[in-house]
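> There's a structure below that I have some questions on.
Bear in mind these aren't lab numbers, they're just calculated from the coordinates by the rules spelled out. Being a predicted model, the structure only gives us computed values, none of them experimental. Backbone-built Cβ (ideal geometry, glycine too); neighbour counts: all protein chains shown.
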Amino acid sequence: MNRTLRHCVPCVAIVLALVLSSFPGAASAAPSIVPRPKEMAVQEGMLALTAVWIDPGTNAGERERTLLEQVFQTAGVPVAGEGVPARLSITPIDVPCRDSVHADALISQAYTLAIDGAGIRIEARTPLGLRYGIRSLDQLLDGPRLPYATILDWPDLPVRMLMVDPARQNENMAYYRRVIDFAARYKMNAVLCHLTDDQTSALYHEDYPELLHAHAWRPGQIRDLVAFAAERDIELVPEIESLGHSRMFTRLPDYADYLHQSNEERPDESWMGTDLPGFTNVLCPASPKAMQYLDAMYARAASTFRHPWLHIGFDEVDMTQCARCTESFGELGQDEWMSVALQQAGTAALRNAERFGVWGDMLLAHPAVMEGLVPAKTIVFDWHYGATVDESSVDFFKSRGFDVIACPALVCAPHMVLPDTHNFQNIANFSRIAREKDVLGVNTTVWVPTRYMSDVLWTGMAFAAEHAWAGSNHDEPAFHSAFAQDYFGTDGGGEFHEAWRRLTEIVWHRSEFNTACWMDEESLAAAAALAAKRDQGIRGHLGELRAVRNSLAELRPTVQRHQVEWDAIEQAAAIVEFSMEHLLAAADGVPQRTELEALDKRCVELMAVIEADWDRNRFADDPGKDGLYLAIQHLLFRFRQMHRFHGELLADSGN
């Protein structure tokens, strides 16, 4: 079909929807869907559903009819041979989407939904589009009733991905199933699984027991999770770090046979070094054992995830001069080293997958490395985590023929406990660039789960889903109101929006948080210095936090669903508040005994909250709980160390 014909004239109902949606407050006055539909008109009237009859004469498949039945049954609406008719139809609907090289993929996910006195009609060009329409219907259900409404909707971007980080902190399969269910409800369609990093391998392989997380994902578990995700139209994409971020190999007795060498004669404690003199955290391209490891891990990932893509990492790589590489490849500059390494990893990946993904930072720093890459086989995951995003990198990769996935971050290096406005601006701005530059998709990254409680991030993940599907139609207050209504079942969406906005505007990064959580004499002195410097600003933050916590507590009785997840937001705010109070208590050195006892009591209470979230979503017997990995970035470990130091100080004061 000629692409210009896709820009068809909408029907009268859709024109009405566009007019209605242009009025301030129109969305908040109407029933809400997340992500926000492109075009939605709500008319007066409600459709009562004493029973529903799914029209058997439609051309929809069994999967779509079953999904629709499940939606009604969950809402307590009987599906019978008589009742309100519900029709699912695959038909060539008109979709006025933007001019895009990905137009076919966007239109294939579009749907129309009409609800009136005659019944329910969902139409789409594909079964997938029907399933997205059914998910929107699910959100509109108000018990056994539906509002009269007309919707035409389609995504901004074809690939809408979330990245999880089991390599740095493995969460349990029940949690990942919750993530997949959540992603499906809000019309994401992929999850990138970051399976290996400096800390552990979350991908089980019997040949490398020293590298594994205690609960590494076994083949049967992965296949079950892949099947679970596929039923919900979510694809799982595996990532194996293939060059940098390989510090875990220092745990192998023959590490020297795996890691790239350097000329450093002392340990390098930077992100690219190791605690072993003479070695970086990079897999050596001249090491047969390193290449054998990659082959084995790629094969395991490909055979279990069964996705046509395989992400091979390649971020933050330091290719120093290496005696083994010099012997194998001769005297090469850094660009040549990187090119050799990437070509070898890419060739191995393509023995197991149709295309491979690669992070974009090293390609930007060393453009010559791209010379040997085949754009049709390579997907660049372009990551930038600033509030503002320089769009030139997208142009740079696209001009060389690569498909690009834009990668903002919900959680990244500076952050602790909660994402803040910095992250949400990054997601919104990078999603806009992805849409305007017509890239393949967006992948919102979530790094280092030890920094936060797992149940605190659902609002942020919904925000990412909204921008990936509906960023072109986003309205901030309307989004928070709709999400609060859909996820928490509260009608206090406006109040939730205001509380969440105020909470995320409090910037309290990891360095400040860790200083505030003093746990020895040295950090106590640092806390005193920071308290003196930031006293007034911190007191202002504390006033805001107390107001936010009061607002959330007032809304709590209206929460009908996901109470645990709501509590996690309140608890995270309490953790930040306590850390600031803990900092100010250090202003004059060791606090008085009564103040110290009160601080420690609160520390223990919050430590129990953090551990309960951990045990619910991770593993109670995880050795990482005791700070085995990333102790300095570890929320639970930090609280345990605070409690330990409080005990020492109290014991000393009793002598």
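> Around Ala434, what is the net charge, scoring Lys/Arg as +1 and Asp/Glu as -1 over all other residues with Cβ under 15 Å from its Cβ?
Values: positive: Arg98, Arg160, Lys398, Arg432, Arg435, Lys437; negative: Asp156, Asp382, Asp390, Glu391, Asp395, Asp403, Glu436, Asp438, Glu466.
Neighbourhood net charge equals -3.
> Would you mind telling me the antiparallel percentage of the DSSP bridges in the chain, rounded to 5?
Among the beta bridges of the chain, antiparallel pairing accounts for roughly 35 percent.
> Using a simple charge model, +1 on the beta-carbon of Lys and Arg, -1 on the beta-carbon of Asp and Glu, nothing else, what dipole does the chain show about its Cα centre, in debye to the nearest 20? Intermediate values should be presented prior to the final figure.
Numbers: 57 positive and 90 negative charges, 352 e Å.
The calculated dipole for the chain is roughly 1680 debye.
> Moving on to the next point. Starting from the amide H of Val79, placed 1.01 Å from N in the peptide plane, find each other amide H under 5 Å away whose residue is 5 or more places distant or on another chain.
Under 5 Å from the amide H of Val79: Val52.
> Lys and Arg at +1, Asp and Glu at -1: add these up for the other residues within a Cβ distance under 14 Å of Tyr111 and post the number.
Values: positive: Lys38, Arg87, Arg121, Arg125, Arg131, Arg135, Lys187; negative: Glu39, Glu64, Asp94, Glu123, Asp138, Asp153, Asp233.
That sum, taken over residues with Cβ under 14 Å, equals 0.
> Still on this model: Under the Karplus relation 6.51 cos²θ - 1.76 cosθ + 1.60, θ = phi - 60°, what is the ordered set of whole-Hz ³J(HN,Hα) values for the range 185-193, x standing for Gly and Pro?
So the Karplus estimates, Gly and Pro as x, are 4, 9, 6, 6, 9, 7, 10, 8, 9 Hz.
> Sticking with this one: Nearest 20 debye, what's the magnitude of the dipole of the range 104-225 about its Cα centre given +1 on Lys and Arg Cβ and -1 on Asp and Glu Cβ?
Working: 13 positive and 16 negative charges, 107 e Å.
Using Cβ point charges on Lys, Arg, Asp and Glu, the range 104-225 gives about 520 debye.
> According to the square roots a ≥ b ≥ c of the eigenvalues of the Cα gyration tensor, what is the shape class of the range 159-474, taking rounded for a/c under 1.5, prolate for a/b larger than b/c otherwise, and oblate for the remainder? Mind showing how you got there, number by number?
On the way: a/c = 1.61, a/b = 1.34, b/c = 1.20.
Since a/c reaches 1.5 and a/b is larger than b/c, the shape of the range 159-474 is classed as prolate.
> Can you bin the range 540-644 into rounded, prolate or oblate? Criterion: square roots of the alpha carbon gyration tensor eigenvalues sorted a ≥ b ≥ c, rounded for a/c under 1.5, prolate for a/b above b/c, oblate for the rest. Provide the component values of the computation, followed by the final result.
Details: a/c = 2.23, a/b = 1.07, b/c = 2.10.
Oblate shape, in that a/c is at least 1.5 and b/c is the bigger or equal ratio.
> Could you list Tyr385, Tyr186 in order of exposure, starting from the residue whose Cβ has the fewest other Cβ atoms within 10 Å?
Tyr385, Tyr186
> Mind checking which lysines have their C-alpha under 30 Å from Lys38, skipping anything on the same chain fewer than 8 residues away?
Within the straight-line cut-off, Lys38 pairs with Lys187, Lys398, Lys437.
> Right, next: Can you list the lysines whose alpha carbon sits under 29 Å from that of Lys533, skipping same-chain ones fewer than 8 residues off?
Lys601
> Where nothing but the Cβ of Lys and Arg (+1) and of Asp and Glu (-1) is charged, how large is the charge dipole of the range 536-655 around its Cα centre, in debye to the nearest 20? The partial results should precede the final answer.
Working: 14 positive and 20 negative charges, 39 e Å.
Roughly 180 debye for the range 536-655.
> Would you compute, from DSSP H runs of 4+ residues alone, the mean residue ellipticity of the chain at 222 nm, taking -39500 (n - 2.57) per run and dividing by the full residue count, rounded to the nearest 500?
Estimated from H runs of four or more residues: -14000 deg cm²/dmol.
> Through the Karplus equation 6.51 cos²θ - 1.76 cosθ + 1.60, θ set to phi - 60°, convert the phi angles of the range 115-131 into ³J(HN,Hα) values in whole Hz; use x for Gly and Pro.
Result, ordered by residue: 10, 7, x, 7, x, 10, 9, 10, 10, 6, 7, 9, x, 4, x, 4, 5 Hz.
> So what J values fall out for the range 54-70 if you push phi through Karplus, 6.51 cos²θ - 1.76 cosθ + 1.60 with θ = phi - 60°, rounded to Hz, Gly and Pro as x?
Going residue by residue, I get 7, 4, x, x, 7, 9, 6, x, 4, 4, 5, 5, 5, 4, 5, 4, 4 Hz, with x marking Gly and Pro.
> Further, regarding this structure: Enter the Cα centre distance for the pair the range 616-652 and the range 32-102, rounded to the nearest angstrom.
49 Å
> Which net charge results when you count Lys and Arg as +1 and Asp and Glu as -1 among the other residues whose beta-carbon is under 13 Å from that of Cys603?
Details: positive: Lys601, Arg602, Arg638, Arg640, Arg644; negative: Glu577, Glu581, Glu595, Glu597, Asp600, Glu605, Glu611.
Cβ neighbours under 13 Å give a net charge of -2.
> Name the residue farthest towards the positive end of the dipole of the range 36-78 from the options Val71, Met46, Thr58, assuming +1 on Cβ of Lys and Arg, -1 on Cβ of Asp and Glu, about the Cα centre.
The one lying farthest along the dipole's positive direction is Val71.
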